[in-house]
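J.: Pasting a structure here, questions to come.
The values are calculated or read from the model by the stated rules, or taken from the named source; none is laboratory data. Worth saying up front: this structure is predicted, and the values here are computed from it rather than measured. Here the Cβ is made from the backbone with ideal geometry for all residues, glycine too, and neighbour counts use every protein chain on show.
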Amino acid sequence: MAIAPSAVLRLTADAIRVLVLGSIAYVLFTGHDGAVILVLLFLALLVPRLARLPVLVDLLLCATLTWAAWSSVFHWYRVTDWYDTAVHSVTPGAVAATLQLLLARWRLLPSPSDRGLRRASVPLITTALGATVACLWELYEWLATDVLEAEVLVGYEDTVADMAAGVAGSLVAGLALALWASRATPEPQGDDEPRQPSS
């Protein structure tokens, strides 16, 4: 019996959550720093599952946030110069798209599939949310470095590059979300979540 693609995506997202739990146990038993970050990560990964967001969004958020958190905890940022920029370009976009769907669910923003919106509205909103996420990320790095005295490689050029990467990545995510929402099945009035496009 074939497994539906949506079920495979959901199982993959849940597998990432299990891996995060395993990484929490690993850092606790090895005395490695980062247990608090990983616990917060796990709690964040429960949000799209409990909110019953589309499975693809759930999986993308799980993958990108876990990638970013593990990169910080296990110091993968030191591997190569472009690695940090890559993480900062992908993660804010995934978070911004998820936030947009959640805020639409809570009726704080229009749904991306709202036919009354101009085409540029969805990418614009996603980019604005992503820019906010990128800014908060840089504030966290400043707090970790200057207040908590953590070993985070930051500087003026790094901060500007990371924020620019976050804005660019959020724009791409917004364009993808707009395309996906435009292909969604027409929804009944009052339904705030875009449905997955029919294949």
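J.: Checking V57 against (1) in contact with a Ser or Thr (Cβ under 8 Å, 6 or more places away or on another chain); (2) closer than 25 Å to D158 by Cα, which single condition isn't satisfied?
T.: Against the list (1) in contact with a Ser or Thr (Cβ under 8 Å, 6 or more places away or on another chain); (2) closer than 25 Å to D158 by Cα, V57 comes up short only on (2).
J.: Only one of these is in contact with a Pro (Cβ under 7 Å, 6 or more places away or on another chain), of a type in the set (A, V, I, L, M, F, W, C) and outside the structural domain of L124 (by TED's automatic domain parsing): V57, V20, V39. Name it.
T.: Just one listed residue meets the conditions, V57.
J.: Could you figure out which of (1) crowded, with 16+ Cβ neighbours inside 10 Å; (2) out of contact with any Gly (no Cβ under 8 Å at 6 or more places or on another chain); (3) modelled with pLDDT of 65 or more; (4) under 20 Å from V95 (Cα atoms) isn't true of A184?
T.: (4)
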